[in-house]
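Remarks on the structure that follows.
The values are calculated or read from the model by the stated rules, or taken from the named source; none is laboratory data. As the structure is a computational prediction, the values presented were derived from the model and not from experiment. Reconstructed Cβ throughout: ideal geometry from the backbone, glycine too, with neighbour counts over all protein chains shown.
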Amino acid sequence: MKNLQLTTAMPLAFQHVFAMFGATVLVPFITGLNPSVALFTAGLGTLIFHLVTKGQVPVFLGSSFAFIAGILAVKEMFGLPYATGSIIAVGVVYIIMAGIVALVGVNRVKQFFPPIVTGPIIIIIGLILSPVAIDMASTHWIVALITMFAVILTGMLAKGFLKLIPLLVGIGVGYLASIYYNLVDFTPIIEASLFATPDFMAPKFSADALKIIVPIALVTMIEHIGDITTNGAVVGKDFFRKPGLHRTLLGDGLATIVGGAAGGPANTTYGENTGVLALTKNYSPTIIRIAAVIAICFSFIGKLGAFIMTIPEPVMGGISFILFGMIASVGIKTLVDAAPDLSNLRNSSVVFVILIIGIASLQGEGNIVVVPLTEFATLEGLSLAAITGVLLNAVYEFILPNRETEPEPSNT
């Protein structure tokens, strides 16, 4: 963004910080890692990603949920330092895969991701996150709805600068409503230190720990491809080609290595921040980098981080409703713009297989299809839906090349 003014950039960047904050600190809270370290490595990892991708991809990286089960298992068996050591190995796997993609060429990779594959995958990325929004919003629906409508009305009716920051307006209005309903606990702000150094932890390595965590990289690489596809669809650019999928994988891998080396969780591209892009229509990677610097600062400033943690769940639930819905809308737009012939079973079967497998994961444990990779790594939900759709389309391309536009035989 040329001539970007700091007074304009800071509010835009704070929207991205608010979007990623809850999920990024939740992973360390669940696993026992340090939340301040997670914030630091998310910010630093994002800056590394932008350096590797030549500053072209407006992506924010935060703590990955995919590794929670593996981290908890390694923590119980060997200790947390061995989990973070294994996370470094995951980053190395990403780098190796980036090298393979660079050798094979993006064209061969991209042919596996036509719109009938990427459209439904993007839809599922939005829908599969929807239970999170429901759970948070359901703690106080009135506040959640106030927050949602504040965002929507600001985006629809506001003029000038306010139109660029609907999320900040929504969070502010929702926070005031939460104070009215006595939902805000100011204790964390009062008790937090003004400045505090993150509790960094040196990694350790064990072959047995590696066996538990490293296979999860297969799942997260599939998610990475889906997220980069979604981000490109929102921005209107093909990031597979420029700066290249190999660069985004490399950036993600290096960010994950940094996360593990500092004692934090693995990093991954965040759909929440892509939702912010879709809502605000501001795609400047500079804004994301400013948000990354803010996240790093928050890791050292206890009271600022504590303030964000006092934002009640229904406020973030209302915000998440909109962000995740925007992502699903981008997937629908991808299909509509490509206009595939969905009366042809060849095309429609790829679409509905992805949607059915992905949506089935919303039904809860016991009702979803799970493909085990190891005891702690499985293919399910988005990952299983994506890889099934990719493979099904690849089989069709091999058996029935270029026949998807041919008319069906008449019954008359």
Considering (1) within 14 Å of G259 (Cα to Cα); (2) crowded, with 18+ Cβ neighbours inside 10 Å; (3) of a type in the set (F, W, Y), say which one F65 fails and leave the rest.
(2)
So in segment 74-122, with the set limited to residues that are closer than 25 Å to F49 by Cα and of a type in the set (K, R), which one is surrounded by the most Cβ atoms within 10 Å (Cβ to Cβ)?
K110
Restricting segment 250-286 to residues that are modelled with pLDDT of 95 or more, among the hydrophobic types (A, V, I, L, M, F, W, C) and out of contact with any Gly (no Cβ under 6 Å at 6 or more places or on another chain), the one farthest from V101 (Cα to Cα) turns out to be A262
So, of the residues in segment 178-200 that are assigned to a helix (DSSP H, G or I) and not acidic (D, E), which turns out to be nearest to V143 (Cα to Cα)?
S178
Please find, within segment 175-211, the residue that is surrounded by the fewest Cβ atoms within 10 Å (Cβ to Cβ) out of those that are under 21 Å from A255 (Cβ atoms) and among the aliphatic types (A, V, I, L, M).
A202
Got a sec? Which helices (runs of 4 or more DSSP H) wholly within segment 1-109 have at least 1 residues that are at pLDDT below 90 and of a type in the set (F, W, Y)?
6-31
Among the residues of segment 259-280, are any in a helix (DSSP H, G or I), aliphatic (A, V, I, L, M) and surrounded by fewer than 21 Cβ atoms within 10 Å (Cβ to Cβ)?
yes
Go through segment 153-171 and give me each residue that's surrounded by 15 or more Cβ atoms within 10 Å (Cβ to Cβ), in a helix (DSSP H, G or I) and in contact (Cβ under 8 Å) with a residue 12 or more places away in the chain.
T154, G155, L164, P166, L167, L168, V169, G170, I171
Can you say whether A217 is surrounded by 20 or more Cβ atoms within 10 Å (Cβ to Cβ) and within 19 Å of M20 (Cβ to Cβ), as far as the supplied structure shows?
no
Among the residues of segment 286-299, the number that are touching a Pro at 6+ places or on another chain (Cβ under 7 Å) and surrounded by fewer than 20 Cβ atoms within 10 Å (Cβ to Cβ) is 0
